[in-house]
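Worksheet for the structure shown next.
Values in this text are rule-based calculations from the coordinates and carry no lab data. It should be emphasised that the depicted structure is a prediction, and the values quoted were computed from it without experimental measurement. When we count neighbours, we look across all protein chains shown, and the Cβ atoms used for this are built from the backbone with ideal geometry, even at glycine.
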Amino acid sequence: MNRLIKILLFTSALSLFASGLFAPIYAVFVEEINGSILDAGVAWFIASVAFASLQYPMGKLADIYSKKFFLLVQCFGTALVFFSMMFISSVEELFVLEFFIGVFQAVGTPAYDGLFSVNIDRNRESQEWGTWEMVSGYSSAFSALVGASVVYLFGFKTLFLFMGLLALAAGAVTFAFVKNDGVNPLKMKGAFLRKFFRKKAGR
C-alpha cells in the first residue's frame, strides 16, 4: 500500500469519525432545539438532496482542477459548520447548516474518490477499497459509542467542538501531506486565459 493511500485512509477515518459522532443521537439534538421527529427527517433530507445534487458537477470540476483543493474545502468548510452548530437554537438554523453540510460533503467526496482511485496500487484495487470499507465501518462504529458518551457526560456543545477539531485535523493532514495535482480553482481565470491563448496560437 503506497504512502498516499495510507494518508487518504487516515484522513477518511478522521472525517468519518467526526461525522459519525453525531449521527446516532441526531434526533435527540433536534428535540433539544424544540424540533420534532419530522424536523429531523426534513433536516436530513435537505443535507442529502444538496449532497446528491452537487456530486456530478463537483466531480467534473475535480477532474479538471486540483482535487486537493476540493478536499481542503470539504474539511475546513465542514469544520466551520460543526463549530457553528454549537450556537444554533432553532430548527430553521439547523436546516441552513444541514444544507451546507451537504454542499461541503459534495465538494470533497468525488475528489477523494478520484484521488484514491488513481493512486491505488495495481492488482490490489479490491484489497485497498476493502481496506477503505473496513476503516469506514470501524470509524462509524466507534464514533457512535464515543459520540453518545461525550453528549452524556459533557453535552452537545463539547461534541460539536470535538467534531470541528477532527475535521480541522483532517484538513491539516491533507494540506501537509497530499501533493498538489492540478490547477487551483482560485487561479482558474489565469489558467483559462493561458489555455485560450495556446489554442489561438495553435490555429
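Positive contributions from Lys and Arg (+1) and negative ones from Asp and Glu (-1), summed over other residues with Cβ under 15 Å from the Cβ of Pro110, come out at 0.
Working from Cα positions, state the angle (0 to 90°, nearest 10) between the long axis of helix 67-84 and the longest principal axis of the chain. That works out to roughly 20 degrees. Taking Rh as the Kirkwood radius, which is the inverse of the mean 1/r over Cα pairs, what is the Rg/Rh value for the chain? Reported Rg/Rh (Cα atoms, Kirkwood Rh): 1.03. Dividing the summed -39500 (n - 2.57) terms of all DSSP H runs of n ≥ 4 by the residue count of the chain sets its mean residue ellipticity at 222 nm at -28500 deg cm²/dmol. Taking every C-alpha pair closer than 8 Å and separated by at least 6 residues, the mean separation divided by the residue count of segment 3-202 gives a relative contact order of 41 percent. A straight line joining the Cα centroids of segment 1-65 and segment 106-149 runs 13 Å. The protection proxy used here, the mean number of other Cβ atoms lying within 10 Å of each residue, ranks peptides 165-173, 121-129, 34-42 as follows, highest first: 165-173, 34-42, 121-129. Placing a label point 7 Å from the Cα of Val118 along the Cα-to-Cβ line, the residues of segment 1-28 whose backbone N sits under 18 Å from it are 2-9. Full extension of the chain between Ser90 and Ala27 yields a length gain of 21.3 nm, computed as 0.36 nm times the residue separation minus the alpha carbon distance.
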